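**Student:** Quick one: the structure is below, questions incoming.
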Amino acid sequence: MLYRDFATQAELDAQYDVENSVPDFGVYVKFFLENSARVRAKLAPRLDVPFGPTKAEHLDLYPAQREGAPIHMFIHGGYWHSLSSKEFSLVAEGLVDAGVTVAVNNYALCPAVTMSEIVRQNRAAVAWLYRNAASFGGDAARLTVSGHSAGGHLTAMLMATDWAGDYGLPADLIKAGCAISGLFDLEPFQFSWLQPKLRLNAEEIARNSPIHHLPRRAGPLIVTLGGDESAEFHRQSREFLGAWTANGLTGSALDLPGRNHFTVLEGYMDKTSPLCLAILGQIGEV
């Protein structure tokens, strides 16, 4: 067996190839591009704000119309090798309407950089938001994160960060997180169509699989995904949440029936959706 009960790459790819999991992927591309452009026009964000030394290290800030607003950072998906913050501007709409400042993060992609570097860049973005919150009217003491797919993986890695030991920042810097359609064990991807792009080795897999890096202390974590996603996506989320709570950490599942890997994000556009309400509940803004 290559991984668990999977004997061939084709079997693994059938579980994890999200573009082929829907009848017409182009419909979702159009939806994301059109709504992201609409949200940028509506909210007039500060785009491409640098948080690190390389061109890819920047974020888009969607400030709430009030001082001292809580801060929420969203991490985009794309299997660590594609897409950018701009395709995901739509996630800011509901939370900003509810009075939350949203940062949609951008980061460098594989194979130009390693998985470890992607994790480092996302941690650097959180540290930048904390240190610079006053410059955009945010409340550094109320910083939460969420992410989708590869971003769900990165959310879990951020929740496991030693902020005090590695950054000299408060240990509870991230108050809560929401991992959506996350990938918490990287081992299967070395046997998949993604390997030429990700170039994973045993060390990278061990260092960057959240299932192997459960923190001793962390804020509450929501784990969610679309009800129509594959059995492997459901298993990854179920087993990670189980390990998280078994480690004495606070975690909960959010059921989103009838959603696939892409429609699961539509809730970000409506502050009254189950997804937005769950995140707002973590922030204390319901």
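Derivation of every value follows stated rules applied to the coordinates shown; laboratory data play no part. Quick caveat: nothing in here was measured; it's all calculated off a predicted structure. Backbone-built Cβ (ideal geometry, glycine too); neighbour counts: all protein chains shown.
**Student:** Could you pull out every one of the lysines with an alpha carbon less than 29 Å from that of residue 197, ignoring same-chain neighbours closer than 8 positions?
**Tutor:** Output for residue 197: 30, 55, 86.
**Student:** In whole angstrom, how far apart do the alpha carbon centroids of segment 80-132 and segment 1-78 sit?
**Tutor:** Segment 80-132 and segment 1-78 have Cα centres separated by 8 Å.
**Student:** Sticking with this one: Relative contact order (percent) for segment 174-248, with alpha-carbon contacts under 8 angstrom and 6 or more residues of separation?
**Tutor:** Relative CO of segment 174-248 lands at 46 percent.
**Student:** Longest segment of the chain with no trypsin sites (Lys or Arg not before Pro) in a DSSP loop having at most 16 other Cβ atoms within 10 Å?
**Tutor:** On the way: sites that count: 4, 55, 66, 199, 216, 217.
Free of exposed loop sites, the longest segment is 67-198.
**Student:** If one computes P(r) from the Cα atoms of the chain, what percent of pairs lie at distances over 36 Å?
**Tutor:** Numbers: 3364 of 40755 pairs.
Here the tail beyond 36 Å accounts for 8 percent of pairs.
**Student:** If you don't mind, there's one more thing I want to ask. Starting from the amide H of residue 161, placed 1.01 Å from N in the peptide plane, find each other amide H under 5 Å away whose residue is 5 or more places distant or on another chain.
**Tutor:** For residue 161, whose amide H was placed from the backbone, there are no distant partners under 5 Å.
**Student:** Anyone know which of 36, 230, 135 comes out most mobile in the 10 Å Cα GNM of the chain?
**Tutor:** With Cα springs under 10 Å in the chain, the top fluctuation among 36, 230, 135 is at 135.
**Student:** State, as an integer percentage, the relative contact order of segment 9-283 based on alpha-carbon contacts under 8 Å between residues 6 or more apart. Write out the running numbers ahead of the final one.
**Tutor:** Numbers: 555 pairs, mean separation 52.5, N = 275.
Averaging sequence separation for qualifying contacts and normalising by length gives 19 percent for segment 9-283.
**Student:** Report the residue, chosen from 194, 154, 143, that carries the largest GNM mean-square fluctuation when the chain is represented by alpha-carbon nodes joined by springs under 10 Å.
**Tutor:** 194
**Student:** A further question on this structure: Please turn the phi angles of segment 173-178 into ³J(HN,Hα) values with the Karplus equation 6.51 cos²θ - 1.76 cosθ + 1.60 (θ = phi - 60°), one per residue in order, whole Hz, x for glycine and proline.
**Tutor:** My calculation for segment 173-178 gives 3, 8, 7, 6, x, 9 Hz in order.
**Student:** While we're looking at this one, here's another question. Helix-derived [θ] at 222 nm for the chain: sum -39500 (n - 2.57) over DSSP H runs of at least 4, divide by residue count, nearest 500?
**Tutor:** Details: 10 runs with 102 residues, N = 286.
Calculated at 222 nm, the ellipticity per residue is -10500 deg cm²/dmol.
**Student:** Name the residues whose placed amide hydrogens come within less than 5 Å of the amide hydrogen of residue 146, ignoring near sequence neighbours (fewer than 5 apart) on the same chain.
**Tutor:** Here the answer is 73, 74, 75, 178, since their amide H atoms fall under 5 Å of that of residue 146.
**Student:** In addition: Can you compute 3J(HN,Hα) from phi for each residue in segment 44-52, using the Karplus curve 6.51 cos²θ - 1.76 cosθ + 1.60 with θ = phi - 60°, rounded to whole Hz and x for Gly and Pro?
**Tutor:** Karplus values, whole Hz, x for Gly and Pro: 6, x, 8, 8, 6, 6, x, 10, x.
**Student:** How big is the antiparallel share of DSSP beta bridges in the chain, given as a percent to the nearest 5? The partial results should precede the final answer.
**Tutor:** On the way: 8 of 36 bridges.
Counting only bridges with both partners in the chain, antiparallel ones make up about 20 percent.
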